[in-house]
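Below is one structure, written out as structure tokens; comments come after it.
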Amino acid sequence: ELVLEKPLDREEQSEMGFSLIATDGGSPPRSGTTQIHIVVLDVNDNSPVFTQELYVVQVLENAPEGSLILKVVATDQDVGVNGNITYQISQTVGQSDRVFTIDARSGEIKLTKPLDFEAAENHELSVRATDGGGLSAICKVLVEVLDVNDNAPEVVVSSFSSPLPENALPGTVVALLSVRDRDAGANGKISCALEDQLLFSLRSAYKNYYELVTVSTLDREEVARYIVTVTAADEGSPPLTTSQTFTVDISDVNDNAPVFNQTSYTMYVRENNVPRVLVGAVNASDADVGPNAKVTYSLATGHPTEHPPCSCISVNSENGHVFVLRPLDYEQVRQIEVLVSASDAGSPPLSTNVTIRILVVDENDNVPVVLHPGQDSSPPSNELVPISADTGYLITKVVAVDADSGQNSWLSYHLLKATDPGLFVVHAQSGEVRLRRPVTERDAVKQKLVVLVRDNGQPPLSATATLSALLLNDFSDVHLQHSSLVTEDESSSLTTYLIISLVFISLLFLMSAAGFFAHRACKRKEVKGGHVLYGPSKFQSSLADAATAGALPHAYCYEISLTTGSGNSEFKFLKPVLPSLPPQHCAVSGDMEDEQVFPCGPLAMED
């Protein structure tokens with residue numbers, strides 16, 4: 001029997017071997033040998049042992065999920081099932097639950113969710129290692145979370161004032177705010193600043209409290225709204241920032257007077273305008289808003305001592321339209337100046353004045369007036385022209401004026417009619433009347449000219465100037481010609497009536513002659529040979545007999561009546577073609593019933 005004399009320890013010696021010798025009692029003794037191999041079987045007599053009783057590890061808080069934090073190692077001197085170790089987290093402290101997981105076989109501890117330094121700076125775990133026989137050991141794991149700059153600064157607004165009146169004094173507090181950062185160390189140190197602001201600044205009040213204040217005067221008309229951005233930055237790497245935006249509205253005060261869009265206005269109105277005609281408008285704007293920007297217009301006086309505004313001008317208080325209330329005459333009023341005031345509705349109201357100059361535009365409403373030669377003088381003046389005058393000889397100059405202005409007063413002169421239009425020429429611009437050609441003997445002594453004076457308006461207006469010119473050999477004939485011409489002018493109207501009378505009498509004469517010859521023709525048809533008229537030969541012989549009787553002298557007395565405009569005599573007197581007849585009736589007849597009477601006496605021929 002092989003007896004175990006003392007305990008075995010497999011962990012010290014797992015196997016042992018020896019030789020067993022059997023010896024007999026013979027002589028010599030004989031023996032047999034056999035090898036004995038003893039294998040020590042393991043029993044679970046050893047507990048697992050960790051390499052460290054306390055594991056300390058540092059982990060950045062921004063480590064991702066599944067990151068390996070630590071690997072714990074435990075050993076067991078047993079073998080087989082007794083030496084198989086499994087790990088588990090047996091206890092956690094604080095917020096460490098469900099944050100970590102451990103691999104039961106390898107002992108690797110990993111993150112199941114992100115760490116947060118601001119939530120827990122340390123995590124304490126108890127890890128149990130258990131072998132297959134049920135023996136176990138425990139170690140502690142301390143996870144220190146390292147802070148990273150993962151928290152931006154926070155800006156907390158305690159108070160904020162908006163809108164802010166534009167007349168607020170420098171140093172007015174607009175907002176009160178505080179800042180903080182949940183990170184630690186340099187990551188939690190904060191500095192505040194404003195972005196691009198000259199009118200506002202930050203002023204430290206207490207610890208992490210700041211005041212947003214104004215540093216200069218505000219002007220709503222320049223900037224009606226300010227966007228103020230406060231930036232808080234930590235000192236982490238990289239630094240994190242937080243911005244807080246303040247929208248500061250500036251409320252209006254009535255600090256701006258209305259401003260006209262022109263320094264002065266010039267408007268135009270045609271003369272003879274209709275009443276209440278619109279001639280233009282003024283426009284003023286106010287940089288303020290609301291009631292402070294409502295502009296009304298009115299006529300104003302430049303100085304309290306001045307006269308009231310012109311009553312012929314009116315301005316609409318709402319839209320600034322300017323009206324002329326009554327017709328204007330350019331020849332009386334060339335321009336009107338008025339002062340228009342624009343006032344806002346602020347308290348107190350502000351106002352601005354502007355000058356309006358209204359220019360009256362001329363209309364062609366005045367007929368040219370002839371100054372020379374005078375048209376109202378009686379008798380009219382006559383211009384003397386020597387017959388020896390050459391072409392271009394200046395006879396006279398027509399002078400006229402027009403009360404209008406501009407092109408309405410530009411006058412041009414034209415020869416409208418003349419006794420001999422080809423003899424004279426009128427200069428269109430100067431009004432000079434000159435000879436177009438030399439004077440001939442065939443030209444009438446008295447020349448009458450009508451010159452048309454016309455302005456350049458639309459439509460053009462005109463006047464006529466009548467003048468007379470006397471063509472003389474020398475100036476000694478002036479008196480004679482002048483007397484006859486005066487008589488002619490006085491009887492010019494009478495001549496017209498005389499011509500009409502002569503035409504009427506001639507018509508009556510022709511009608512009477514036609515009736516007479518018709519009557520004679522009827523008479524001749526009724527005569528059947530009872531009477532015989534003398535023919536021409538018999539009549540001439542009778543006249544010759546009467547002439548030899550000496551009853552009528554050969555000398556004739558002629559009474560000549562000349563018209564005043566004849567100038568030279570236009571009559572030619574013919575000698576009688578018949579001999580003188582006695583003053584009594586000359587008659588030839590075959591019968592007293594058919595006696596024909598011919599008057600004999602003075603003959604007068606007139607053109």
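If you go through the stretch 118-133 and keep only what is open to solvent by less than 50 Å² (accessible area, probe 1.4 Å) and either of a type in the set (S, T, N, Q) or not in a strand (DSSP E or B) (or both), you end up with GLU118, ALA120, SER126, THR130, ASP131, GLY132, GLY133. Do we have ASP489 as at pLDDT 90 or above, acidic (Asp, Glu) and over 21 Å from TYR393 (Cβ atoms) here? For ASP489, the condition - at pLDDT 90 or above, acidic (Asp, Glu) and over 21 Å from TYR393 (Cβ atoms) - is not met. Just one residue in the set VAL398, VAL367 is touching a residue at least 60 places away in the same chain (Cβ under 8 Å), surrounded by 15 or more Cβ atoms within 10 Å (Cβ to Cβ) and under 48 Å from the mean Cα position of the chain (by Cα); that residue is VAL367.
Selection of the stretch 311-365 for residues being of a type outside the set (Gly, Ala, Ser) and more than 18 Å from VAL279 (Cβ to Cβ) yields GLU331, ASP344, PRO348, PRO349, LEU350, THR352, ASN353, ASN364, ASP365. Listed by first and then second residue, the pairs with beta-carbon distance under 6 Å, at least 6 apart or on different chains, first residue in the stretch 446-460 and in a loop (DSSP other than H, G, I, E, B), second at pLDDT 90 or above, are ASN456/TRP410; PRO460/ARG454. Screening GLN458, GLN447, GLN481 for residues that are among the polar types (S, T, N, Q) and modelled with pLDDT under 85 leaves exactly one candidate, GLN481.
The number of residues in the stretch 40-65 that are farther than 29 Å from GLU118 by Cβ, open to solvent by 80 Å² or more (accessible area, probe 1.4 Å) and among the β-branched types (Val, Ile, Thr) comes to 3. Residues that are among the aliphatic types (A, V, I, L, M) and either outside any strand (DSSP E or B) or surrounded by fewer than 17 Cβ atoms within 10 Å (Cβ to Cβ) (or both) within the stretch 152-175 comprise ALA152, VAL156, VAL157, ALA168, LEU169, VAL173, listed in sequence order.
PRO275 falls short of the stated requirement of being touching a strand residue (DSSP E or B) at 6+ places or on another chain (Cβ under 9 Å), open to solvent by less than 50 Å² (accessible area, probe 1.4 Å) and in contact (Cβ under 8 Å) with a residue 24 or more places away in the chain. Filtering the stretch 297-330 to residues that are within 16 Å of THR352 (Cα to Cα), at pLDDT below 90 and either exposed (fewer than 12 other Cβ atoms within 10 Å of the Cβ) or hydroxyl-bearing (Ser, Thr, Tyr) (or both) leaves THR301, HIS303, PRO304.
Could you please let me know if GLU211 is charged (D, E, K, R), touching a Leu at 6+ places or on another chain (Cβ under 7 Å) and part of a strand (DSSP E or B)?
yes
The values are calculated or read from the model by the stated rules, or taken from the named source; none is laboratory data. Note that this is a predicted model, so its numbers are computed, not measured. Don't worry about glycine lacking a Cβ; one is built from the backbone with ideal geometry, like all the others, and counts go over all protein chains shown. Quick note on the areas: whole protein, heavy atoms, side chains included, nothing else; ligands and nucleic acids left out. Shrake-Rupley method; radii C 1.70, N 1.55, O 1.52, S 1.80 Å.
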